[in-house]
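Input: a single structure, listed below in structure tokens.
The values are calculated or read from the model by the stated rules, or taken from the named source; none is laboratory data. Note that the structure is predicted; figures quoted are calculated from it, not measured. Here Cβ is always computed from backbone atoms with ideal geometry, including for glycine, and neighbour counts include all displayed protein chains.
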Amino acid sequence: MNINRKISKYNFNKGSVSRIKYIVIHYVGALGGAEDNCRYYGGGNRNASAHYFVGFNGEVWQCVEDANIAWHCGASSYKHAECRNANSIGIEMCVRKKNTKSMGATDKDWYFEDATVEAAAELTRYLMNKYGVPASHVIRHYDVTGKICPNPYVYNTSAHTWDEFKRKISGQAETPQGGNEKTIWNFLTGKGLNAYAVAGIMGNLYAESGLMPNNLQNTYNNKLGKTDAEYTAAVDNGSYGNFVKDSAGYGLAQWTYWSRKQALLNHAKQAGVSIADLNMQLGFLWEELQGYTAVMDALKKAGSVRAASDAVLTGYEKPADQSETIKKKRAEYGEGYYKKYAAGNGTKYYRVRKSWTDAASQLGAFTSLENAKSACKAGYTVYDDNGKAVYTAAGQQASAGVPFSVQVDILDLNIRTGAGTNYAKTGETTGKGVFTIVEVKAGQGASAGWGRLKSGAGWISLDYATRLA
């Protein structure tokens, strides 16, 4: 991560990195940004300091070297048995306040920006990994001395809570948990998507809402003065009439634009359920995805969680930040679901398509081979997770009426050792001419199937051959 440095000549004692056993989280208790705080504590004798300041937009400024001892959690008496300035690193989070007429330390309207929380969590994980600090040793200033610091993580009445922060830095965010995840997984796999695609979607939904269908965009919790539950209830009972046009992200996919929120609201009313009903939102999500053709094509042929995740991120969710860092993080969330529900239990899917590469033709994906066979009709083939054809519908080969002749009009039609692009090239090509086909099979890379040459030279793609009468 990017760390800006403005190292102070004041407010620390010399030390070494071997001393680091704890990471202590603070809030600045004022309205200044990270660089301003860093400049202030580095500008003279303040009798206080911290190693890092995390700003409103996620910027990080370092004021004291890690090895040295900052003065961030000292006191005349302590709650904590071990943690002191001498064995800890201090991280200060910049903070907002709803009512700035009062700046009391016990006021309950202090809150963190989303970007501040994410960057502070990333910085904490970085330092944990660097110095071998376990999550159990990441604590609040409050846990050390009893001081109400960081205020939002002591009272936990704002959108961000201490439990959430601990989940982010303990690894649970990388292997997300949630009571709704199995329902979502089953719904999406039931629609015929493979495990990579489902995991890619879920990783994005987790990043947007934590898989919570009543999730209100964090900044609007503060702006509207409503919890997720209060906002949902107000929309449901009609006492809040600005759901469509308030520009607040809401629900699994954090629907924000007015037309999408209107459609979601209509969907809920037609179903006669709450705007936060999970199954209703899943149905709406699926219907909406059908209008994103490129995204659906990518999901149907997804060969990795990352490919599916990127398709959803850039083609459907479209957040303002589509950087590599964000792509990687969302894919990591998806990998957590994949490992939990697919890789870990050996789940395999059989997909019914005209050819392996023709994802748009897919009729469905099934965990049962027999169910896949039942769904397979003439002209279609069942493929396993590796793209290998395991069953071809009765009638496909019969309709081929072998032997028959084909006209090839290109010079470089490759001959392969088997029926599919997953088989090796023989090194020979047909050239232009008429050839006799004695067997037809479905296989990867050809929607019309593969034909075995009478000469015994191998197999050619019938996509590039014209059958003669």
Can you name the condition, by its number, that Trp255 falls short on among (1) surrounded by 20 or more Cβ atoms within 10 Å (Cβ to Cβ); (2) modelled with pLDDT under 90? (2)
Out of Asn47, Asn37, which single residue is in contact (Cβ under 8 Å) with a residue 12 or more places away in the chain and either part of a loop (DSSP other than H, G, I, E, B) or in contact with a helix residue (DSSP H, G or I) (Cβ under 6 Å, 6 or more places away or on another chain) (or both)? Asn47
Within the stretch 366-377, identify whether any single residue is within 30 Å of Leu299 (Cβ to Cβ), modelled with pLDDT under 75, part of a strand (DSSP E or B) and within 45 Å of the chain's Cα centre (by Cα), and answer yes or no. yes
Are there any pairs with C-beta distances below 6 angstrom linking a residue in the stretch 104-133 that is at positive phi to a residue that is surrounded by 19 or more Cβ atoms within 10 Å (Cβ to Cβ), with the two at least 6 apart or on different chains, and if so which? none
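Take the residues in the stretch 212-243 that are among the β-branched types (Val, Ile, Thr) and assigned to a helix (DSSP H, G or I), then tell me which one is farthest from Val117 (Cα to Cα).
Residue satisfying both the conditions and the ranking: Val235.
Within the stretch 145-168, how many residues are among the β-branched types (Val, Ile, Thr) and touching a Ser or Thr at 6+ places or on another chain (Cβ under 8 Å)? Don't jump to the end; show me each part of the working.
The initial filter retains those residues of the stretch 145-168 that are among the β-branched types (Val, Ile, Thr), namely 145, 148, 154, 157, 161.
Add one more test, that the residue is touching a Ser or Thr at 6+ places or on another chain (Cβ under 8 Å), and what stays is 145, 148.
Matching residues across the stretch 145-168 total 2.
Yes/no per residue for (1) in contact (Cβ under 8 Å) with a residue 60 or more places away in the chain; (2) within 42 Å of the chain's Cα centre (by Cα):
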residue	(1), (2)
Val406	yes, no
Asp409	no, no
Gly431	no, no
Thr436	no, no
Lys441	no, yes
Gly456	no, no
Trp459	no, yes
Ala465	no, no
Leu468	yes, no
How about the stretch 301-320: which of its residues are more than 13 Å from Glu332 (Cα to Cα), in a helix (DSSP H, G or I) and not aliphatic (A, V, I, L, M)? Thr314, Gly315, Tyr316, Glu317
Inside the stretch 415-441, can you point out the residues that are of a type in the set (A, V, I, L, M) and outside any loop (DSSP other than H, G, I, E, B)? Ile415, Val434, Ile437, Val438, Val440
Which of the residues that make up the stretch 60-76 are among the hydrophobic types (A, V, I, L, M, F, W, C) and assigned to a loop (DSSP other than H, G, I, E, B)? Cys63, Val64, Ala67, Trp71, Cys73, Ala75
Given the structure, is Lys79 of a type outside the set (Asp, Glu), assigned to a loop (DSSP other than H, G, I, E, B) and more than 27 Å from Asp66 (Cα to Cα)? no
I want to confirm something. Restricting to the stretch 420-441 and keeping residues that are over 26 Å from Tyr391 (Cβ atoms) and either out of contact with any Lys or Arg (no Cβ under 9 Å at 6 or more places or on another chain) or in the same structural domain as Lys388 (by the TED database) (or both), which single residue is surrounded by the most Cβ atoms within 10 Å (Cβ to Cβ)? Thr430
Does Ala298 satisfy being touching a Phe, Trp or Tyr at 6+ places or on another chain (Cβ under 8 Å) and of a type in the set (Gly, Ala, Ser)? no
Taking the condition of being at pLDDT below 85 and buried (at least 16 other Cβ atoms within 10 Å of the Cβ), how many residues in the stretch 398-419 meet it? 1
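Given the structure, is Val244 at pLDDT 85 or above, β-branched (Val, Ile, Thr), more than 19 Å from Ala302 (Cβ to Cβ) and surrounded by 18 or more Cβ atoms within 10 Å (Cβ to Cβ)?
Answer is no for this residue.
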Residues Ala331, Ala307: which one is surrounded by 22 or more Cβ atoms within 10 Å (Cβ to Cβ), modelled with pLDDT of 90 or more and small (Gly, Ala, Ser)? Ala331
May I ask you to list the residues in the stretch 442-454 that are modelled with pLDDT under 90 and either surrounded by fewer than 20 Cβ atoms within 10 Å (Cβ to Cβ) or assigned to a loop (DSSP other than H, G, I, E, B) (or both)? Gln444, Gly445, Ser447, Ala448
Taking the conditions exactly as written (surrounded by 13 or more Cβ atoms within 10 Å (Cβ to Cβ) and not β-branched (Val, Ile, Thr)), does Lys101 satisfy them or not? no
